[in-house]
1. What is the local net charge at Ser199, summed over the other residues whose Cβ is closer than 12 Å to its Cβ (Lys, Arg +1; Asp, Glu -1)?
2. With all protein chains present, calculate the accessible area of Arg162 using a 1.4 Å probe and round the result to the nearest 10 Å².
3. In nm, to one decimal, how far is the modelled label at Ser69 from the one at Ser150, with both set 7 Å along Cα→Cβ?
4. If I model a spin label as a point 7 Å beyond the Cα along the Cα-Cβ vector, how far apart are those points for Ala142 and Ala184 in nm?
5. Out of residues 5 or more away from Ala78 or on other chains, whose amide H comes under 5 Å of its own, with H placed 1.01 Å from N in the peptide plane?
6. On a full-extension model of 0.36 nm per residue, what is the gain between Ala86 and Ala194, subtracting their alpha-carbon distance, rounded to one decimal in nm?
7. Quick check on my link table: of Lys174/Lys213; Lys98/Lys174; Lys137/Lys213; Lys60/Lys100; Lys60/Lys200; Lys98/Lys137, which ones sit more than 24 Å apart, alpha carbon to alpha carbon?
8. If you place +1 on the Cβ of every Lys and Arg, -1 on the Cβ of every Asp and Glu, and leave all else neutral, what size is the dipole of the range 86-165 about its Cα centre, to the nearest 20 Debye?
Amino acid sequence: MKKVKTILLAAVTMLVASCGMPNATGTTGSPGNVLGDVLSGVLQGGTIGNVITSVIGAQKVSQQDLYGSWSYTGPGCAFTSEQLLAKAGGEVVAGQIKTKMLPYYQQMGISNQNTTITFSQDGTYSASFRGVPMNGKWTYDAATSKVTLSGLLLNINCYAKRNVNGIGLLFEGKKLLSVLQTMAAMSGNQNIQAIGDISKSYDGVRLGFDFGK
């Protein structure tokens, strides 16, 4: 892992020194400030794995991979294609987006104790999002990585992504807001609006939750 970090940090340094990196609004920040932000994000626990798996479908997830009980480990982020990831500014950007999302999730009280999901082999699921219980049926399309969750409180699609230490369940911007609004039971929550603004700042980004066992 130390060797991976060394190589990654060297690559980031060369990238920022040569051309800077776009920020969330699409403009290019000063190399010094961007480098500090990037290195800080990369050195935080879990970011290395996010950098490696930044595109939905890059590593296929089978239905069997989803079986079992999962607990929240942090915000999730990935792009729908390598082209859109490159347009956003490169793989490190996915880690930066997650770093931006983390304080909003924390302020909402999302934790590994109250945000979990269990995929059963009989096609049913049970979940708790910020302590709000949900259950119903689920299906999975391995070709598109799409998970369909059907239940009384929420009927929604998300996308499964393989992480180094688990999986990510990622949503289109509006769908994630629906989930968060269900959690908060109030559409005007400032944290929800801030996450919505993040999703609007990038083309083809999917945001959500990372889970581990």
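The values are calculated or read from the model by the stated rules, or taken from the named source; none is laboratory data. Model, not experiment: these values are computed from the prediction. Positions of Cβ are backbone-derived with ideal geometry, glycine not excepted, and every protein chain shown enters the neighbour counts. What goes into the accessible areas is simple: the full protein's heavy atoms, side chains included, and nothing from ligands, DNA or RNA. Shrake-Rupley method; radii C 1.70, N 1.55, O 1.52, S 1.80 Å.
1. Counting the neighbours of Ser199, the net charge comes to +2.
2. My reading of the accessible area for Arg162 is about 80 Å².
3. Distance between label points: 2.6 nm.
4. So the label points at Ala142 and Ala184 sit 3.8 nm apart.
5. Placed amide hydrogens put Arg206 under 5 Å from Ala78.
6. Values: separation 108, 0.36 × 108 = 38.88 nm, distance 2.36 nm.
This chain segment gains 36.5 nm when fully extended.
7. Flagged as over cut-off: Lys174/Lys213; Lys60/Lys100; Lys60/Lys200; Lys98/Lys137.
8. For this selection, approximately 220 debye.
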